[in-house]
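Data first, discussion second: the structure below is written as structure tokens.
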Amino acid sequence: MLCWGNASFGQLGLGGIDEEIVLEPRKSDFFINKRVRDVGCGLRHTVFVLDDGTVYTCGCNDLGQLGHEKSRKKPEQVVALDAQNIVAVSCGEAHTLALNDKGQVYAWGLDSDGQLGLVGSEECIRVPRNIKSLSDIQIVQVACGYYHSLALSKASEVFCWGQNKYGQLGLGTDCKKQTSPQLLKSLLGIPFMQVAAGGAHSFVLTLSGAIFGWGRNKFGQLGLNDENDRYVPNLLKSLRSQKIVYICCGEDHTAALTKEGGVFTFGAGGYGQLGHNSTSHEINPRKVFELMGSIVTQIACGRQHTSAFVPSSGRIYSFGLGGNGQLGTGSTSNRKSPFTVKGNWYPYNGQCLPDIDSEEYFCVKRIFSGGDQSFSHYSSPQNCGPPDDFRCPDPTKQIWTVNEALIQKWLSYPSGRFPVEIANEIDGTFSSSGCLNGSFLAVSNDDHYRTGTRFSGVDMNAARLLFHKLIQPDHPQISQQVAASLEKNLIPKLTSSLPDVEALRFYLTLPECPLMSDSNNFTTIAIPFGTALVNLEKAPLKVLENWWSVLEPPLFLKIVELFKEVVVHLLKLYKIGIPPSERRIFNSFLHTALKVLEILHRVNEKMGQIIQYDKFYIHEVQELIDIRNDYINWVQQQAYGMDVNHGLTELADIPVTICTYPFVFDAQAKTTLLQTDAVLQMQMAIDQAHRQNVSSLFLPVIESVNPCLILVVRRENIVGDAMEVLRKTKNIDYKKPLKVIFVGEDAVDAGGVRKEFFLLIMRELLDPKYGMFRYYEDSRLIWFSDKTFEDSDLFHLIGVICGLAIYNFTIVDLHFPLALYKKLLKKKPSLDDLKELMPDVGRLVGKKVKRSGV
């Protein structure tokens, strides 16, 4: 171990040396033949964790921050932690947190603001104690500010406690301090990679490089383009696209490392600690220009200085305050831009070099900074290993995510013989939306760092494959545990507002889980999931719709099919019979499933059909409900102004009408609907006519009317006669039942005469002699002629005739291509439509388009 900087309290662990400051790296004899796992630096004390999990401390002990009463000049073991295997430490100004391999946290030192998270009112605790309120939570990271503490759990939950004078707890303005760990609820659902704390500011970093900061911002250390303190987490938008993988904080400044090995700094710059060759403060993140030619893999912040390690040269660079020798440059001068730390640095290149004098050269393993002290764990060139790379996070310090290795581990246990810790691991993972949101990331080309409103950052194929690998009939215990966790823990905690787009991902991936498609789980998982989805606020729902809109058609279809199956399942229950006491909840369930389909249908239409419109058809509807009755109920709802576009809670009181969601009806169902509507409209028209006729008996000014629409036509002039009558007919009369009379024929129209009329008139109107339409031999279809001289009235007549035919339950055979119906729906025809009408022309145009690359 090499150490340099302030030694006035013995915090470098060099023993009884005369100097108060060490100006350049010096070997510590204490660490010869010892491997260091972690180092925590307080303002005047230092904590070392060795590979065997033992803890040593040195430096000032006025407030119990060493955890023992031994010598302060050289590292002494904290005996109270003998039984623990400590894996990580962090230090505040005068307090320390230590994390063991079971995820338990121990605290000691100053407790003036509750920064130890312990029960009691003592000013300081001199012996490490377990933070009992976190004992049921598996913690993976701890970070200390001067007077506050942060912890990250395996379930991607952030806990904070201690001083809140500047908002550094992120809990709002209500409290000045918190003496026990508090869950930061405003960030629930986000998959986190790291927590970090400065003097009085805090940061969390997500798996996809988004940074949220809060607390003191007097110098712009939050990077938010101002100097206002923040009492709740705020997204640092300017760094979102920079692929940030690690963050560290000084007293009032911040440094961030990118995946590419670049460094951004912001905040207080009065001593040059930002490395921009100035002493200005920076309220926005700014790249350290002088490091841009090098790939940096480690960064560390002291109180007012910054260090960076470049593996290609093996060198450590430092900048900022140098008054206590903390820059290791051999002087006490401040440095405003990166300057090499003195030492015979040797880069690791995968080979050991026995011919070099190993005493003189150092291969850096890891750098540490804090307070006014700096450390470098090193090895000799003879037995050097690769240095740590902060761009590749330690898996043991990460949240649970569903991945190949974890699934393999779970599946390796025989069914029915699950250790408790494995059950807890599965439960923890599937009870946490944050963990699921951090799973199945698109790692190819680091795509997930592009996560935003248009891109989810998820590899949907990975989600499908891993879910199917995990949920297997051979391992029912896993399936049962996953289902229970989703049902009891994850879904009930979902909220309508979300802190970030990364908290939305599981809405995209969870439908790929086979448990969702199991009808046994519809009411316990799929429908509650759908309810949470439908209840999302406008902004997150819009993002989800954007993500859906770019899904591959089979993946989009999967979600549609899932909720179609839910609807069918519910309608089957309805047909069997729903007890009155359960009707309200049934209504709510059915509305939820149909609402999800409605949203998906809206996305599908907006995107010009990701899947064919008929994929939304639920063919079973015809068998499971009385469509006629459903339509009448729907008409009544419209008449009474019942709004089915508000929340699901209100919808539960309104009987479900499938007609509210017409996109689920297939052609057969639509025919039934049209017929039902026609019957209703006819009856209303007849009733109106009868009322008018009754009134005419008493009021001579009111004319009597025929309850039917009568067409008297001659066979030889069928078009002219029909036009004559229909031109004079009022729109309201079109709704009356149609009766056709052929002049000179006695046949009573019971339907047969009407059908013959439609057949004859359509044949006549479509005849080329009128020149209105052109017949295409190749396709046997007709289209509008570009050389017609007929009055537009004739075209209007064809429309009326078609409408009357459908309205009067008569099928008219029209040989038009699909393009006509697209135009009626205001949709653009495509090249395929041209090919349908004129196959040869369409093929030629297609070839030309292909050649021109349009």
- Solvent-accessible area per residue for the range 487-587 at a 1.4 Å probe radius, Å²? 42 Å²
- Task: Check cross-link reach from K736 to the lysines: straight Cα distance under 23 Å, and skip same-chain residues fewer than eight apart.
- Result: K670, K728, K755
- Considering only the other residues whose Cβ falls under 14 Å of the Cβ of I611, what net charge follows from Lys and Arg at +1 and Asp and Glu at -1? +1
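Divide the volume of the convex hull of the Cα atoms of the range 404-550 by its number of residues and quote the answer in cubic angstrom per residue.
Details: hull volume 16.0 nm³, N = 147.
Looking at the range 404-550, the number lands at 109 Å³ per residue.
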- Item | In degrees, nearest ten, helix 839-852 long axis to first principal axis of the chain (Cα) | 30 degrees
- Item | Within the chain, helix-based [θ] at 222 nm, where runs of 4 or more DSSP H residues each add -39,500 (n - 2.57), nearest 500 | -8500 deg cm²/dmol
- What order do you get for 380-391, 498-509 when each peptide is scored by the mean count of other beta carbon atoms within 10 Å, highest first? 498-509, 380-391
- Message: From Cα pairs below 8 angstrom and at least 6 apart in sequence, can you work out the relative contact order of the chain, rounded to a whole percent?
- Response: 6 percent
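What is the calculated FRET efficiency for K237 to A678, with r their C-beta to C-beta distance and R₀ = 60 Å, to the nearest 0.05?
Values: r = 57 Å, r/R0 = 0.95.
Approximately 0.60, to the nearest 0.05.
Heavy atoms only, 1.4 Å probe, whole protein assembly: order C659, C124 by accessible area, highest first. Don't skip to the end; give the middle numbers.
On the way: C659 15, C124 35 Å².
Final ranking, largest accessible area leading: C124, C659.
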- In order through the range 55-70: 3J(HN,Hα) via Karplus (6.51 cos²θ - 1.76 cosθ + 1.60), integer Hz, x for Gly, Pro: 10, 10, 9, 7, x, 5, 10, 4, 10, x, 6, 8, x, 8, 10, 8
- Value of Rg to Rh for the range 173-219 (Rh from inverse mean 1/r over Cα pairs, i.e. Kirkwood): 0.98
- Query: If you count, for each residue, the other Cβ atoms within 10 Å and average over each peptide, how do 566-577, 50-61 line up from highest to lowest?
  - Reply: 50-61, 566-577
- What fraction of the DSSP beta bridges in the chain is antiparallel, stated in percent and rounded to the nearest 5? 95 percent
- Message: As an exercise, use a Förster radius of 45 Å and the Cβ-Cβ distance of C124 and I654 to find the FRET efficiency, rounded to the nearest 0.05.
- Response: 0.10
- Take peptides 107-113, 676-682 and line them up by average Cβ neighbours within 10 Å, highest first, as a rough protection proxy. 107-113, 676-682
- Loop-only check: which chymotrypsin sites (Phe, Trp or Tyr not before Pro) in the range 738-845 are DSSP coil with at most 13 other Cβ within 10 angstrom? F789
- FRET efficiency (N731, R602; Cβ distance; R0 45 Å; to 0.05) is 0.90
- Query: How much length is gained on full extension from R774 to C708, taking 0.36 nm per residue of separation minus their Cα-Cα distance?
  - Reply: 20.3 nm
- Message: Helix 583-606 against the longest principal axis of the chain: what's the angle in degrees, Cα atoms only, rounded to the nearest 10?
- Response: 90 degrees
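If I compute solvent accessible area with a 1.4 Å probe over the protein chains, what percent of it on the chain is carbon and sulfur?
52 percent
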- Message: Give me log10 I(q)/I(0) at q = 0.05 Å⁻¹ for the chain, Debye formula, one equal scatterer per alpha-carbon, no solvent.
- Response: -0.44
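The values are calculated or read from the model by the stated rules, or taken from the named source; none is laboratory data. Values in this document were obtained by computation on a predicted structure and should not be read as measured data. Neighbour counts are summed over all protein chains in view; Cβ atoms, including those assigned to glycine, are modelled from backbone coordinates with ideal geometry. We work out accessible area using only protein heavy atoms, side chains counted, and drop any ligands, DNA or RNA first. Shrake-Rupley method; radii C 1.70, N 1.55, O 1.52, S 1.80 Å.
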